[in-house]
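Report on the structure given below.
The values are calculated or read from the model by the stated rules, or taken from the named source; none is laboratory data. Remember, predicted model here, so these are calculated numbers, not experimental data. In this analysis, Cβ positions are derived from the backbone assuming ideal geometry, glycine residues included, and neighbour counts consider all displayed protein chains. Just so you know, the surface numbers come from the protein's heavy atoms only, side chains and all, with ligands and any DNA or RNA stripped out. Shrake-Rupley method; radii C 1.70, N 1.55, O 1.52, S 1.80 Å.
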Amino acid sequence: MSLKSPQVTQSSIQKVGILFSGGPAPSANAVICSAAECFRRAGIEVYGFLNGYSHLVDFQEGDSLQENVAYLRLDKMVLEGRRTEGGILIGSARANPGKSMSKPEDLKNADATAPMLRVYNALCSLGIDALISIGGDDTLTTAAKFKLFQDTFPAGSKRIKVIHLPKTIDNDYEGIDFTFGFFTAVDLMAKQLRNLLFDAQATNCYYIAQLMGRKAAWLSYGAAIAGESSMVIGLEDISDDLWSEEKTVNPKTGEVVVDENGVARKRRIVLFDKLVSRIADTVEKRYNDGKKYGVIACAEGIGEYLPLEEIRCCVSDDEYRSLEPDTFGHFPVSQLKFSSRLGRLVSAEMQKRVGKKIKFVGLQFGYEVRCQPPCAFDIILGSQLGTGAYVALTEKSLNGIMVSVGKEMKLEFAKFEDLINMDRLRAYQRPLRMGQGLHQLARYMEEWIQE
């Protein structure tokens with residue numbers, strides 16, 4: 001009979017833990033609740049760990065994880081009616097127990113693996129048999145490290161199975177086509193961009209909108225295409241001739257940052273003047289066609305590579321002095337609103353080209369979409385991913401895999417080894433493919449600039 005319910009598979013798994021790590025994304029609850037409902041209906045207890053790895057990584061021998069403080073029991077009453085809600089039922093955080101493990105040798109280094117051992121002991125204290133992690137490329141990498149760490153245990157040791165479900169509102173890592181929350185975020189930001197376009201047309205001005213997307217511009221491109229932006233730029237669009245280098249300076253101290261050998265660290269930077277010129281080409285083409293208005297969309301990741309002198313022009317003195325470069329010389333993109341500065345530079349360039357002042361207004365948005373109630377497609381996609389965790393662990397007895405969804409919502413299971421650079425213990429990233437898909441579509445939808 002086609003309406004026959006799934007058969008409960010005999011499994012050694014009695015208790016499952018679920019955690020959500022990193023930034024929020026629409027339809028998070030669809031993933032969590034669908035997974036928990038499947039396990040619950042199969043008679044398996046489900047623990048939802050609150051705020052990612054936060055409580056697990058702080059666990060010490062002799063501690064006891066407290067219910068409703070460190071975890072929730074995801075039973076029928078907790079789950080009822082929550083699958084379609086916005087937000088995250090179990091919360092999130094960015095605690096990362098694997099951050100000290102950057103190469104295979106670290107898997108046997110007691111100091112590097114100490115946080116991971118605390119997570120393992122915390123899970124064992126509750127009798128957890130399998131862990132489902134939901135998160136982006138960092139969380140995928142952490143899940144893989146947890147599996148690899150346990151592979152070093154002596155024979156006969158308890159091993160906790162690990163399954164990962166992809167959450168990346170930026171849609172930016174390998175093993176997926178699209179993941180939950182992406183289209184909800186695109187839809188809301190596209191509406192915002194269209195509203196800006198109507199405003200720009202009414203007032204003869206330009207808006208430059210800085211959108212989410214640090215390493216990959218999927219979200220910016222999707223929103224720009226659906227929102228009828230005049231132009232969209234992501235980090236992937238920065239060609240070789242737009243790159244340079246400068247010494248890394250700490251804004252707090254004004255001192256050049258040096259490495260362990262005392263050599264000045266270099267940071268890659270975008271040649272801002274060339275980027276300004278390319279945007280002006282599009283604005284000029286529209287101006288000559290009688291269109292003195294428009295919206296330019298830029299992915300936030302560009303801000304990470306601004307020259308320091310430009311960063312100083314983008315933020316207040318107080319904000320500038322609070323910035324601190326990471327080990328790669330990068331600054332936090334969420335604190336760098338560069339759209340206003342970019343607008344002023346393009347306006348000055350257009351004054352030179354056409355002899356008229358064109359108003360540019362810079363805006364930054366995108367973070368308000370992360371807990372937006374999900375669209376139907378994302379609820380379906382998220383629900384299938386959550387169900388996939390149950391299928392992987394109980395029906396297929398898999399371990400060390402990521403669940404994804406392919407054609408016609410078919411479940412797919414990729415091994416961690418195929419998604420992780422094993423030499424660097426780092427998930428492969430997935431930028432937009434130049435000249436393909438969304439990238440190609442955006443170029444056809446924009447003004448055609450003939451070089």
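Please go through segment 418-428 and give me each residue that is in contact (Cβ under 8 Å) with a residue 60 or more places away in the chain and out of contact with any Asp or Glu (no Cβ under 6 Å at 6 or more places or on another chain), ordered by number. Passing the criteria: D418, I420, M422, D423, R424, L425, R426. Within segment 402-439, the set of residues being open to solvent by 80 Å² or more (accessible area, probe 1.4 Å) and part of a helix (DSSP H, G or I) comprises K407, E408, E417, D418. The residue that is surrounded by the fewest Cβ atoms within 10 Å (Cβ to Cβ), counting only those in segment 175-192 that are assigned to a loop (DSSP other than H, G, I, E, B) and of a type in the set (G, A, S), is G175. Of all residues in segment 7-23, which are closer than 14 Å to A392 by Cβ and surrounded by fewer than 22 Cβ atoms within 10 Å (Cβ to Cβ)? Residues satisfying the conditions are T9, S11, I13. The set of residues from segment 1-17 being of a type in the set (K, R) and either assigned to a loop (DSSP other than H, G, I, E, B) or at pLDDT below 95 (or both) comprises just one member, K4. If you go through segment 26-34 one residue at a time, do you hit one that is in a strand (DSSP E or B) and either open to solvent by less than 10 Å² (accessible area, probe 1.4 Å) or under 24 Å from N96 (Cβ atoms) (or both)? Scanning segment 26-34, I find no residue that is in a strand (DSSP E or B) and either open to solvent by less than 10 Å² (accessible area, probe 1.4 Å) or under 24 Å from N96 (Cβ atoms) (or both), so the answer is no. Taking every residue in segment 44-62 that is hydroxyl-bearing (S, T, Y) and pairing it with any residue that is surrounded by fewer than 18 Cβ atoms within 10 Å (Cβ to Cβ) and at pLDDT below 95, at least 6 positions away or on another chain, the pairs with Cβ-Cβ distances below 8 Å are Y53/A93; S54/A93. Mind checking which residues of segment 246-265 are free of Cβ contacts under 8 Å to residues at least 40 places away in the same chain and either assigned to a loop (DSSP other than H, G, I, E, B) or hydroxyl-bearing (S, T, Y) (or both)? Those that are free of Cβ contacts under 8 Å to residues at least 40 places away in the same chain and either assigned to a loop (DSSP other than H, G, I, E, B) or hydroxyl-bearing (S, T, Y) (or both): T253, G254, D259, E260, N261, G262, V263.
If we keep just the residues of segment 193-209 that are in contact with an Asp or Glu (Cβ under 9 Å, 6 or more places away or on another chain) and outside any strand (DSSP E or B), which is surrounded by the most Cβ atoms within 10 Å (Cβ to Cβ)? The selected residue is L193. When segment 210-226 is filtered for residues that are surrounded by fewer than 24 Cβ atoms within 10 Å (Cβ to Cβ) and under 14 Å from F183 (Cα atoms), the ones remaining, listed by number, are I225, A226. Among the candidates K15, K76, the residue that is within 29 Å of the chain's Cα centre (by Cα) and of a type in the set (D, E, K, R) is uniquely K15.
Scanning segment 261-273 for residues that are within 24 Å of V354 (Cβ to Cβ) and either open to solvent by less than 40 Å² (accessible area, probe 1.4 Å) or more than 27 Å from the chain's Cα centre (by Cα) (or both) yields F272, D273. Being at positive phi and without any contact (Cβ under 8 Å) to a residue 60 or more places away in the chain is true for just one of G156, G181. Which residue is that? Unique residue meeting the criteria: G156. From the list V276, V232, the one residue that fits, being within 22 Å of K357 (Cβ to Cβ) and either hydrophobic (A, V, I, L, M, F, W, C) or outside any strand (DSSP E or B) (or both), is V276.
For segment 324-344, which positions are open to solvent by 70 Å² or more (accessible area, probe 1.4 Å), closer than 24 Å to P24 by Cα and among the charged types (D, E, K, R)? K337, the sole residue that qualifies. With a requirement of 1 or more residues that are of a type outside the set (D, E) and within 18 Å of the chain's Cα centre (by Cα), the helices (runs of 4 or more DSSP H) lying completely within segment 282-394 that satisfy it span 376-390. Could you tell me which residue of segment 80-117 is least open to solvent (accessible area, probe 1.4 Å), considering only residues that are among the small types (G, A, S) and not in a loop (DSSP other than H, G, I, E, B)? The residue in question is A112. Would you confirm, using the coordinates I've provided, whether D172 is modelled with pLDDT of 90 or more and either open to solvent by 30 Å² or more (accessible area, probe 1.4 Å) or touching a strand residue (DSSP E or B) at 6+ places or on another chain (Cβ under 7 Å) (or both)? For D172, the condition - modelled with pLDDT of 90 or more and either open to solvent by 30 Å² or more (accessible area, probe 1.4 Å) or touching a strand residue (DSSP E or B) at 6+ places or on another chain (Cβ under 7 Å) (or both) - is not met. Taking the criterion of being at pLDDT 95 or above, open to solvent by 60 Å² or more (accessible area, probe 1.4 Å) and of a type in the set (S, T, N, Q), the residues of segment 345-398 that qualify are Q351, S397. Output the number of the condition that F20 fails; it satisfies all remaining conditions of (1) more than 17 Å from D378 (Cβ to Cβ); (2) out of contact with any Lys or Arg (no Cβ under 6 Å at 6 or more places or on another chain); (3) modelled with pLDDT of 95 or more. Here F20 meets the rest and fails (1). Scanning segment 121-179 for residues that are of a type in the set (F, W, Y) and over 22 Å from N51 (Cβ atoms) yields a count of 3.
Based on this model, can you work out whether E447 counts as at pLDDT below 95, open to solvent by 50 Å² or more (accessible area, probe 1.4 Å) and farther than 20 Å from R40 by Cα? For E447, the condition - at pLDDT below 95, open to solvent by 50 Å² or more (accessible area, probe 1.4 Å) and farther than 20 Å from R40 by Cα - is not met. Residues of segment 140-166 that are part of a helix (DSSP H, G or I) and open to solvent by less than 10 Å² (accessible area, probe 1.4 Å): L140, T141, T142, A143, A144, F146, Q150.
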